[in-house]
1. Any residue in the stretch 67-84 that is under 19 Å from Asn142 (Cα atoms), touching a helix residue (DSSP H, G or I) at 6+ places or on another chain (Cβ under 8 Å), in the same structural domain as Lys134 (by TED's automatic domain parsing) and basic (Lys, Arg)?
2. Considering the stretch 215-229 alone, what residues qualify as being under 26 Å from Ala93 (Cα atoms) and either acidic (Asp, Glu) or part of a helix (DSSP H, G or I) (or both)?
3. Does at least one position in the stretch 230-244 carry a residue that is touching a Lys or Arg at 6+ places or on another chain (Cβ under 6 Å) and not in a strand (DSSP E or B)?
4. So, in the stretch 22-49, how many residues would count as being of a type in the set (A, V, I, L, M) and modelled with pLDDT under 95?
5. Checking Asp206 against (1) at pLDDT 95 or above; (2) charged (D, E, K, R); (3) surrounded by fewer than 16 Cβ atoms within 10 Å (Cβ to Cβ); (4) not in a helix (DSSP H, G or I), only one condition comes out false. Which one?
6. Restricting the search to the stretch 90-126, which residues are part of a loop (DSSP other than H, G, I, E, B), of a type outside the set (Asp, Glu), within 21 Å of Pro55 (Cα to Cα) and under 17 Å from the mean Cα position of the chain (by Cα)?
7. Pick from Val51, Val68, Val61, Val44: which is farther than 18 Å from Gly144 by Cβ and part of a helix (DSSP H, G or I)?
8. In the stretch 172-214, which residues are of a type in the set (A, V, I, L, M, F, W, C), out of contact with any strand residue (DSSP E or B) (no Cβ under 6 Å at 6 or more places or on another chain) and closer than 21 Å to Cys92 by Cα?
Amino acid sequence: MTSWSGGLVEWTDGDIAYLSVVFSWQLQRAYSRAVWLRQQGYHVRAGGPAVAINPTFLSSVAEIGGGVDALAHHNPDATFTSRGCIRHCPFCAVPKIEGDLVELSDWEPHPIVCDNNLLACSRAHFDRVIDRLKPIPGVDFNQGLDARLLTSYHAGRLAELDLHCVRLAWDDTGMERQFLAAYQILRDAGIPARKIHVYVLIGYKDTPADALYRLTTVWSHGSFPNPMRYQPLDASRRNEYVAPAWTSRELKRFSKYWSRLWWYKHIPFDEFQVSRSGWVRLDRLGACARTASVNPRTNHEPLNHRSPR
């Protein structure tokens, strides 16, 4: 039986208990679970992105690594067709835990494709992926497609699929030209704006004004921006880091509003406020609501239940 809780997955097989830890702030909880499982007589094995980045944290209470494929326990609808990435973004753990790009020859077709940089793969591999996904409903390239590599050929083939959505990323304003070009390529291929989701990194080396420009630009094109609040790869607490140009309250405000546009889109952002306790005042409705901030990509919580991360 598998137990999943916010990026920490636990399951047993005979006398072995497995822990797969996605987020660094789940390591302390994983440590406590490993201690308890050992007391129950299990041999504990631990892995996952957080363990790969912090391999000594659980080493006293669990066997580390061992090549166990935990993806199906995180989300049985997810798959990888490649591992690694050609980029070395400083905010991303993929180069540190997966290394260089490798195309996988053996993988199961599922709707949620978790490749870190599918477009960096060979055209032959890309074509095989598209062909094998054609019978699958609701395909979601969940980790995003590299806007710098997207071509009309890629977009045309993506349009052959039954898409849940295609995801791009706009991490800083310096990528505006590449992002907008990729966005237009997808639209020219007939992919609706509502099916183009955009990860927007906030709170890293930007300012609130910079983040707002990217978020509002995506929204003005008819697509939903997904705000990604930056989390250091070794963060011991979620949402603890606050960049120099930001305040904690402003990061909460951005995350809550832009990740819940289907609730708040009738309220201008400059009228939207968040209290220190996390309560949002919806003055136009005369009511209060509390919402959870969610953040996608590596060491960032997923924006929706479809994500295996």
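The values are calculated or read from the model by the stated rules, or taken from the named source; none is laboratory data. Small disclaimer: the values here were computed from a predicted structure and weren't measured. Cβ placement follows ideal geometry from the backbone for every residue including glycine, while neighbour counts extend to all protein chains displayed.
1. no
2. Initial filter on the stretch 215-229 (under 26 Å from Ala93 (Cα atoms)): 215, 218, 224-229.
Hits for the stretch 215-229 are Leu215, Val218.
3. So the first thing to find is which residues in the stretch 230-244 are touching a Lys or Arg at 6+ places or on another chain (Cβ under 6 Å), and the list is none.
No, the conditions are met nowhere in the stretch 230-244.
4. Filtering the stretch 22-49 for residues of a type in the set (A, V, I, L, M) gives 22, 27, 30, 34-35, 37, 44, 46.
Keeping just the survivors that are modelled with pLDDT under 95 gives 22.
Within the stretch 22-49, residues that are of a type in the set (A, V, I, L, M) and modelled with pLDDT under 95 number 1.
5. Status for Asp206: all satisfied but (3).
6. Step one: filter the stretch 90-126 for residues part of a loop (DSSP other than H, G, I, E, B), giving 90-93, 98-101, 104-111, 114-117, 121-122.
Then drop every residue that is not of a type outside the set (Asp, Glu), which leaves 90-93, 99, 101, 104-105, 107, 109-111, 114, 116-117, 121-122.
From the residues that got through so far, the ones that are within 21 Å of Pro55 (Cα to Cα) too are 90-93, 99.
Result: Pro90, Phe91, Cys92, Ala93.
7. Working: Val68 fails: part of a helix (DSSP H, G or I); Val61 fails: part of a helix (DSSP H, G or I); Val44 fails: part of a helix (DSSP H, G or I).
Of the residues listed, the single one that is farther than 18 Å from Gly144 by Cβ and part of a helix (DSSP H, G or I) is Val51.
8. Listed by number, the list holds a single entry, Met175.
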